[in-house]
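Below is one structure, written out as structure tokens, with a few remarks after it.
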Amino acid sequence: MGRTHSTDAIVLRAHDIGEADRLCILLTEDFGRIAARARAVRKLTSKNGGSILPLQYSTIDLAEGSAGYTVTRAVCKETHDVCRNNLACFLYAEQAVYLLMRHIEDRVPVPSLFVLLRDFLGACHYHSPKLLFSVFSLAFFHELGLLPSLRHSIVSHTAFTHDDIIVLSKRWHGLCLYEEDAFGRVLSPALLQALLHAVEHPFHDLSFFSSETTQEFISTAASLFEPGAIAPLPVNVGSSSGVTPTW
């Protein structure tokens, strides 16, 4: 007999298969990214069908067998309707999902990234999705160890002090001291604090981002990523899960 599990999950992708089944790509809090088959959920009598739609946050019971995972019960905790009804929110949510599909492996627990995506989708109800995606991206690459340090020079690796003039260097692709790259773009103390806040306390107290620094924050955040790190959404982004089913 297979094992059963209960875990919180966010539905990254959902694909209709067979007559009434649905293949779900889930980011779970306990097991990482998994594929699970939800049987008969497209029938009108199904109690689970409305709880395993894309971007929904649900508590899901899973049966694990030799053929993979099967969803036996799902209870929706947050529908995130705004991410499906608002085009801008939907596109940035899809970008966040695309990053997760591209950079994390199957069945590797990543609870910090689960919380990050959950908080990002929740914040979309109240704030600019463009700003939120910049915060998400910074925190995401920071968690993966792919973001240049915001507290040390990328050239000399010395820690920044309050008296330093810190610049964004195109030459070194990161932050450094003015004397290490006089052609870099000088960052204001407020902007640097906003960047630090985004990676260390993402989605906590978003009033921290003032209207004066928001646009500069977004452009600076994009400059910190490696070229191609955030690829444009493919035209058929919704048609491929990127995960091979396990049955």
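Nothing in this text is a laboratory measurement; each read-out follows from the coordinates by a stated rule. Just so it is clear, the model here is predicted, and its values are computed rather than measured. Every residue, glycine among them, receives a Cβ derived from its backbone with ideal geometry; neighbour counts consider all protein chains shown.
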For residue 20, distant residues with modelled amide H under 5 Å away: 40
Charge context of residue 167, other residues only, Cβ under 15 angstrom, K/R +1, D/E -1: -2
Degrees between helix 189-200 axis and first principal axis of the chain (Cα, 0 to 90, nearest 10): 30
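Could you tally the net charge around residue 32, taking each other residue with its Cβ under 11 Å from the Cβ of residue 32, Lys/Arg +1 and Asp/Glu -1?
Details: positive: 33, 107; negative: 29, 30, 105, 106.
My count for the surroundings of residue 32 gives -2.
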Length-normalised contact order of the chain in % [C-alpha pairs under 8 Å, at least 6 apart]: 17
J(HN,Hα) series, the stretch 83-94, from Karplus relation 6.51 cos²θ - 1.76 cosθ + 1.60, nearest Hz, glycine and proline x: 6, 9, 8, 10, 4, 4, 4, 4, 5, 6, 5, 5
Cα centroid of the stretch 128-198 to Cα centroid of the stretch 73-119, whole Å: 26
Point-charge dipole on Cβ atoms (K/R +1, D/E -1) for the chain, about Cα centre, debye to 20: 1060
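As a test of the formula, what do you get for the chain when each DSSP H run with n ≥ 4 contributes -39,500 (n - 2.57) and the sum is divided by the residue count, at 222 nm and rounded to the nearest 500 deg cm²/dmol?
Only helices count here, giving -9500 deg cm²/dmol.
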